[in-house]
Amino acid sequence: MNSLPSPILIVGPCAAESREQVLTAARLLSEQAGAAPIIFRAGAWKPRTSPRTFQGLGAEALTWLAEARLLYHFPVATEVATPEHVRLALAAGIDYLWLGARTSASPIAVQAIADALRANKQKPLGVLVKNPVNPDPELWLGNLQRIASADVPVIAVHRGCSHRPCWSMAHKVRLARPDIPMLLDPSHLTGDAALIPEAVQKVALLALDGAMIEVHPCPADALSDAVQQLTPDAFCSLLPDLQRPADENAQLNWYRAEIDELDDALWDTLLQRLRVCEDIGTWKKQHHMPPLQPERFEQILHARMEWGSQHGISPEAIETILSAIHSESLKRQ
Ligand code: PEP
Ligand code: MN
């Protein structure tokens, strides 16, 4: 069953905007990407957050993808969000389908797509399932299972949540289903073309199976996701990184990615805490109250030590950490 390329590279515009835009993107990639095994992507239906933004051109766009396939010999991919999209895309000869993060948030929508895939005579070469917009590994795993039950090869795509990676979710899915290839979507993960070169390093570091990257002939003119799309040139300069062999310490790198993500959350929380302390400082000043209330600190310290003893954290460690936070907080008041 495994006829998937290695690495799996799904590359092309966020949305199909016109016949000319689709064919220009495909031509530039075919001229510049050498022998890289590119699967050309463009969205015909765009599940956008706001109804006032570009929603995609629908079935007509599929004919442009089919034309790009014939002219430049790429397999092609598009997003499907309903059973009707599945039927139309497969009838147009689209090779790979993907389920976007918003569709992935609804098990009923995913099941309806799985049912359509099972019922349809033509089958795709593979179906990519993005992580849902909310960081829920069980929902993502359930979606992969629903689509796989239609007897089509499935591929997981980590696109993060709200322009942040969610390595803990991706790691859980990787460990639960090491048999399912996983790609990185650095475009939606970062939401910023400038951050993509660093993000793609994770493909080799985490032994991922490839990437899904948005490439537009003229990103500034894109009708959707303009800031995150790369020029074909910029994409091609990433090919050596995307084709690097997997790092031999990939398992350690997964743990480190999780630690970095947790540290980010920890420092963010600390910063928010310091900001609240500034507000408290202002309030205390207005009410002629000194910044330090020893009984309040003692109360927090004891509650936290009690909590620490339930989780195997020594009272000394709790006191050291809390005292450091507290003294920084007092400086802000
Ligand atoms: C896309 O790939 O164009 C897309 C809409 O992605 P996501 O569902 O991850 O937002
Ligand atoms: Mn997009």
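Summary table below
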{"quantity": "In region 209-233, the residues that are out of contact with any strand residue (DSSP E or B) (no Cβ under 9 Å at 6 or more places or on another chain) and within 12 Å of ligand 2 (Cβ to nearest atom)", "calculated": "ALA226, VAL227"}
{"quantity": "Of all residues in region 207-225 being under 14 Å from the mean Cα position of the chain (by Cα) and under 15 Å from ILE38 (Cβ atoms), the one that is farthest from ligand 1 (Cβ to nearest atom)", "calculated": "GLY210"}
{"quantity": "Cβ-Cβ under 7 Å pairs, at least 6 apart or on other chains, region 255-276 side in contact (Cβ under 8 Å) with a residue 24 or more places away in the chain, far side polar (S, T, N, Q) and surrounded by 11 or more Cβ atoms within 10 Å (Cβ to Cβ)", "calculated": "GLU258/SER168; GLU261/SER168; LEU274/SER329"}
{"quantity": "Residue ID - nearest to LEU125 (Cα to Cα), chosen from residues in region 62-80 that are of a type outside the set (Val, Ile, Thr) and crowded, with 22+ Cβ neighbours inside 10 Å", "calculated": "ALA77"}
{"quantity": "Candidates VAL203, VAL215, VAL127 - the one that is touching a Gly at 6+ places or on another chain (Cβ under 9 Å), over 22 Å from ALA246 (Cα atoms), at pLDDT 95 or above and crowded, with 22+ Cβ neighbours inside 10 Å", "calculated": "VAL215"}
{"quantity": "Search result, residues across region 247-267 that are within 12 Å of TRP167 (Cβ to Cβ) and either out of contact with any Cys (no Cβ under 9 Å at 6 or more places or on another chain) or among the aromatic types (Phe, Trp, Tyr) (or both)", "calculated": "ASN253, TRP254, TYR255, ARG256, ALA257, GLU258, ILE259, ASP260, LEU262, ASP263, ASP264, ALA265"}
{"quantity": "Any chance GLN32 is surrounded by fewer than 19 Cβ atoms within 10 Å (Cβ to Cβ), touching a residue at least 60 places away in the same chain (Cβ under 8 Å), under 24 Å from LEU183 (Cβ atoms) and of a type in the set (S, T, N, Q)", "calculated": "yes"}
{"quantity": "Index of the failed condition, GLY56 passing every other in (1) more than 16 Å from ligand 2 (Cβ to nearest atom); (2) touching a residue at least 40 places away in the same chain (Cβ under 8 Å)", "calculated": "(1)"}
{"quantity": "Flag if GLU138 is assigned by TED's automatic domain parsing to the domain that holds TRP167, within 20 Å of the chain's Cα centre (by Cα) and buried (at least 22 other Cβ atoms within 10 Å of the Cβ)", "calculated": "no"}
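The values are calculated or read from the model by the stated rules, or taken from the named source; none is laboratory data. Keep in mind the model is a prediction, meaning the values are calculated, not measured. Positions of Cβ are backbone-derived with ideal geometry, glycine not excepted, and every protein chain shown enters the neighbour counts.
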